[in-house]
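Right, one structure below, let's go through it.
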Amino acid sequence: MITIENNIEGVLEELFKDSKFDHLRMITSAAKSVFGSFQPSNFKNVYLSISREQGEDLVELIKQKSIKNIVEFGTSFGISTLFLAQGALETDGKIITTELIASKAEKAKENFAKAGVGDLIEVRTGDAMETLKDHNNAIDLLLLDGWKDLYHPLFTMLEPNFHDQTLIYVDNADMGDTRIFLSKVAATNNYQLQLLYDGKVVLITPEKK
């Protein structure tokens with residue numbers, strides 16, 4: 001396990017180094033979209049990753065809660081997924097992750113194989129509303145970090161797989177579409193919402209009955 005953890009750390013270091021250029025890529029993507037709306041294709045070369053602090057906290061959360069069944073919306077190049085894998089190694093867990101853009105999904109698979117955790121991770125490429133529509137296994141942790149206007153429909157579709165200990169980790173909680181989603185969840189009175197990282201992340205947990 002030490003070797004695998006070292007491999008994961010090595011790959012993460014490489015990815016975080018590359019992601020330092022994301023600001024320039026974001027500016028370029030924005031410039032291309034000045035006269036139109038943003039589309040996922042505008043970000044095919046952009047990491048859009050969680051921070052290292054977020055990743056390390058996710059690892060601890062997975063270990064503390066003994067989380068095994070993880071679903072992720074938004075793989076990108078695999079940074080967040082590798083942190084999930086670090087936690088899953090400790091709990092004998094498994095990860096299903098989704099990515100719309102095929103080139104990103106393939107690169108993520110390469111990163112997972114390089115880190116030695118490819119066997120823990122199932123990558124589903126395409127529209128998550130399609131690739132996850134037949135999911136019928138319990139979800140211990142759902143990480144939402146993809147296209148924001150899909151947060152609510154995806155949450156609703158997967159909700160039958162939640163249980164009273166399910167955690168929903170919502171990244172980019174300070175963005176407009178995410179705020180709309182969170183307001184809809186809060187209005188049901190079925191969940192508790194906890195703000196983290198000055199509101200950038202919200203952790204959703206089922207309301208205790």
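Counting only heavy atoms of protein chains, what accessible area per residue, in Å², does region 68-131 have with a probe of 1.4 Å? Don't skip to the answer; put the middle values down first.
On the way: 2260 Å² over 64 residues.
I get 35 Å² per residue for this part.
What part of the accessible area of region 80-209, given as a whole %, is carbon or sulfur when the probe is 1.4 angstrom?
50 percent
Give the aspartates and glutamates whose C-alpha is closer than 13 Å to that of residue 184, dropping any in the same chain fewer than 8 places away, or say none.
Reachable aspartates and glutamates: 149.
Indicate the gyration tensor shape class of region 89-209 (rounded, prolate or oblate), computed on the Cα atoms with a ≥ b ≥ c the square roots of the eigenvalues: a/c under 1.5 is rounded; otherwise a/b larger than b/c is prolate and the rest oblate. Kindly include the intermediate steps, with their values, before the conclusion.
On the way: a/c = 1.73, a/b = 1.51, b/c = 1.15.
Since a/c reaches 1.5 and a/b is larger than b/c, the shape of region 89-209 is classed as prolate.
Looking at region 98-162, which GluC sites (Glu not before Pro) are in a loop (DSSP not H, G, I, E or B) and have at most 15 other Cβ atoms within 10 Å? Provide the component values of the computation, followed by the final result.
Values: sites: 99, 106, 110, 122, 130; in loops: none.
Listed in order of number, the matching sites amount to none.
I need the peptides 62-73, 78-89, 3-14 ranked by packing, meaning the mean over residues of other C-beta atoms within 10 angstrom, with the highest value on top. If you can, show how the numbers build up before the last one.
Details: 62-73: 19.9, 78-89: 25.7, 3-14: 15.0.
Highest-to-lowest ranking by the protection proxy: 78-89, 62-73, 3-14.
List the aspartates and glutamates whose alpha-carbon lies under 15 Å from that of residue 208, not counting same-chain residues fewer than 8 positions away?
By straight Cα distance, residue 208 reaches 164.
With a ≥ b ≥ c taken as the square roots of the eigenvalues of the C-alpha gyration tensor of region 55-116, please select rounded if a/c is under 1.5 and otherwise prolate if a/b is larger than b/c or oblate if it is not? List each step's numbers first, then the result.
Numbers: a/c = 2.21, a/b = 1.87, b/c = 1.18.
Prolate, since a/c reaches 1.5 and a/b exceeds b/c.
Return the whole-Å distance between the Cα centroid of region 48-78 and the Cα centroid of region 102-128.
If you average the Cα positions of each part, the centres end up 15 Å apart.
The values are calculated or read from the model by the stated rules, or taken from the named source; none is laboratory data. Because the structure is a prediction, the values reported are computed rather than measured. Don't worry about glycine lacking a Cβ; one is built from the backbone with ideal geometry, like all the others, and counts go over all protein chains shown. All accessible areas refer to the heavy atoms of the entire protein, side chains included, with ligands and DNA or RNA removed. Shrake-Rupley method; radii C 1.70, N 1.55, O 1.52, S 1.80 Å.
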